[in-house]
Amino acid sequence: MKSDELFALLRRRGVLWPTAEIYGGAQGLYDYGPLGASLKRQVEEAWVAWFVGLSHDYYRLDPAEILPEAVVRASGHLENFTDPEVSCETCHAAFRAETVLEKIRPEGVDGLVSAQIAEILLANHARCPNCGSTALSVPRPFNLMFGLDFGVTGKERAYLRPETAQSSYLAFPRMWDVGRHALPLGVAVVGKAYRNEIAPRQVLFRMRAFTQAELQIFFDPAGFPVPFARVREEPLPVLRVPRRESGEESPEWVTAADLVASGGLPEFYVYHLVHCYRFFRDVLGYPADRLRLFEKSDRERAFYNRLQFDIEGRLESLGGFKELGAVHYRGEYDLSRHGEGSGKDLSVTLTDGRSVRPHVLELTFGVDRNVWALADLLLGVEGERTLWRLPAYLAPVSVGVFPLIPKAHAAYALRLADELAAANIAVRYDDGGTIGKRYARMDEAGTPFCVTVDAETLAEGEKKDTVTLRERDSRAQTRVAVGELVSRIRTATCLPRPPRY
Ligand code: GAP
């Protein structure tokens, strides 16, 4: 589906809509409706189960979203967290340089300084995407953070956090004491990040307030033991820098073992790359042929990274591969910067007596982008029906409960819906329109099961207290005892969990 079409469908179904819609919306801000809010929560829970579940020493925090200026100065965001901005001297619209150069230089402008970008703009007679004028300014670095006057005097500066990661670094010394004094130690945050994007667009892809799920793993730089044998034969769709530089855009399939043996990547890094790839393929259910692991070069990597592979999905609505998450090896950058900034020694003493400043491996995931990707990749028109093939454990509603004839069967169906809700199952009661229309509504919302109460459910006899259970994808209908429903639905909606290290 095209982006507009998909957004219209999601808006109509109450998945999401622009913030302050009645005022014409606010650029880069979106609100989730009932279906969207539940789906987003399920995605977050699935992420937590899959990533925080990796170890008994991994924890989830809920820290503040506002950071004092000293933090973002030390982290480098005050100086480096910029995008080159170009403004049009004719119509005064502002754009990311990357947007102006989209067709001329699809590989982007990461790593180029303003003068180099200005030269490219000039040499290619680049035009303003709004009015077509060639009178474009020299690009200037635009800081993406939202600054705040903090407190009553207005003299203290603070910032809305640009990434959740910073909160985990600040918490490290506290978490070292809360934990077992052992590495690796994982600290995860699922929460809002804020960026004053120059040109927010593509709905949930470039937002100004969005949700990240990020796990920071602090590990001993002398070694991060992982059970590599579990992943070594996994084929991965990889697009490495030399292949990209030869003009290829399609990934090649390489095993995890090859990435280590001939690709020169450390085992701990590849192990976690596989773990992330499996999350997209096996937990979120994205088709493997729509994924690639895209290596960023020295020039393109974020300023704090030593190694970076983005996990990208090929999305029809957005016309190509888009970043959905990433694996960042940040080395000692964060703890050393915050050590210097705070004047505190952030090294720790291990049981063998060594004092080390841990390195950081970051597994980052954009929650909103993946809500969109779930719609792009799994929601579509199939024959006469619109079907959202969400994995059952992600579906906002697990089961729809219908009375076949409302007048006759509503009381029983309502009672059944209450019983399922009391068992913590997400249930929606629906008695509007024909059964076909009710199935159609549930298919579109991704509801994996529908239950229909009919005359046989109520009548004395063999089928008393049984209902029709209809399965979304196959449309298969079976007769099931009411007493079995809770366990049937619970089994299907159980979140996948990984084996621990
Ligand atoms: N802590 C590392 C970090 O923040 P990033 O690549 O800037 O790295 C991580 O962001 C993830 O957050 C991305 O992979 C993407 O999924 C999501 N993300 C980044 N900017 C976003 C935006 N403006 N709107 C929606 N999601 C965004």
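Scan region 30-48 and give yes if some residue there is over 21 Å from the mean Cα position of the chain (by Cα), of a type in the set (D, E) and surrounded by fewer than 16 Cβ atoms within 10 Å (Cβ to Cβ), otherwise no. Scanning region 30-48, I find no residue that is over 21 Å from the mean Cα position of the chain (by Cα), of a type in the set (D, E) and surrounded by fewer than 16 Cβ atoms within 10 Å (Cβ to Cβ), so the answer is no. All conditions but one from (1) in a helix (DSSP H, G or I); (2) surrounded by 15 or more Cβ atoms within 10 Å (Cβ to Cβ); (3) not hydrophobic (A, V, I, L, M, F, W, C) apply to E484; the one that does not is (2). Among the residues of region 413-423, is there at least one that is surrounded by 16 or more Cβ atoms within 10 Å (Cβ to Cβ), in contact with a Pro (Cβ under 7 Å, 6 or more places away or on another chain), in a helix (DSSP H, G or I) and not assigned by TED's automatic domain parsing to the domain that holds F279? Yes.
Assessment of region 145-156 against the conditions (buried (at least 17 other Cβ atoms within 10 Å of the Cβ) and either within 25 Å of G339 (Cβ to Cβ) or assigned by TED's automatic domain parsing to the domain that holds V260 (or both)) yields at least one matching residue. When each of V270, V254, V260 is tested for being crowded, with 20+ Cβ neighbours inside 10 Å and of a type in the set (V, I, T), the lone residue that passes is V270.
In the set (1) farther than 28 Å from L67 by Cβ; (2) touching a residue at least 12 places away in the same chain (Cβ under 8 Å), K103 fails one condition alone, (2).
Within the option set V241, V260, V254, being out of contact with any Phe, Trp or Tyr (no Cβ under 7 Å at 6 or more places or on another chain), at pLDDT 95 or above and within 30 Å of M145 (Cβ to Cβ) holds for one residue only, V241.
Taking residues in region 232-251 that are without any contact (Cβ under 8 Å) to a residue 12 or more places away in the chain, and partners anywhere that are part of a loop (DSSP other than H, G, I, E, B) and buried (at least 16 other Cβ atoms within 10 Å of the Cβ), the pairs with Cβ atoms closer than 9 Å and at least 6 places apart or on different chains are R243/P251. The listed residues are P448, P498, and the only one of them that is surrounded by 13 or more Cβ atoms within 10 Å (Cβ to Cβ), over 16 Å from V401 (Cβ atoms) and in contact with a Leu (Cβ under 9 Å, 6 or more places away or on another chain) turns out to be P498. Residues in region 283-330 that are touching a residue at least 40 places away in the same chain (Cβ under 8 Å), surrounded by fewer than 19 Cβ atoms within 10 Å (Cβ to Cβ) and in a strand (DSSP E or B): L307, E323. For region 336-391, how many residues meet the condition of being away from the ligand (no atom under 16 Å from the Cβ), in a helix (DSSP H, G or I) and touching a residue at least 60 places away in the same chain (Cβ under 8 Å)? Count: 4.
Any chance region 423-430 includes a residue that's of a type in the set (A, V, I, L, M) and over 30 Å from F210 (Cβ atoms)? Yes, region 423-430 has at least one match. In region 111-122, the count of residues that are within 16 Å of the ligand (Cβ to nearest atom), closer than 28 Å to I217 by Cβ and surrounded by fewer than 16 Cβ atoms within 10 Å (Cβ to Cβ) is one or more. Evaluating L183 against the criteria (1) in a loop (DSSP other than H, G, I, E, B); (2) surrounded by fewer than 17 Cβ atoms within 10 Å (Cβ to Cβ); (3) in contact (Cβ under 8 Å) with a residue 60 or more places away in the chain leaves one unmet condition, (2).
Residue-by-condition table, conditions (1) within 16 Å of the ligand (Cβ to nearest atom); (2) part of a loop (DSSP other than H, G, I, E, B); (3) under 23 Å from S297 (Cα atoms); (4) within 15 Å of the chain's Cα centre (by Cα):
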position: R201; (1), (2), (3), (4): yes, yes, no, no
position: L204; (1), (2), (3), (4): yes, no, no, yes
position: Q212; (1), (2), (3), (4): yes, no, no, yes
position: L215; (1), (2), (3), (4): yes, no, yes, yes
position: A222; (1), (2), (3), (4): no, yes, no, no
position: V226; (1), (2), (3), (4): no, yes, no, no
position: A229; (1), (2), (3), (4): no, no, no, no
position: P242; (1), (2), (3), (4): no, no, yes, no
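The values are calculated or read from the model by the stated rules, or taken from the named source; none is laboratory data. All figures in this text were calculated on a predicted structure; none of them were measured in a lab. Backbone-built Cβ (ideal geometry, glycine too); neighbour counts: all protein chains shown.
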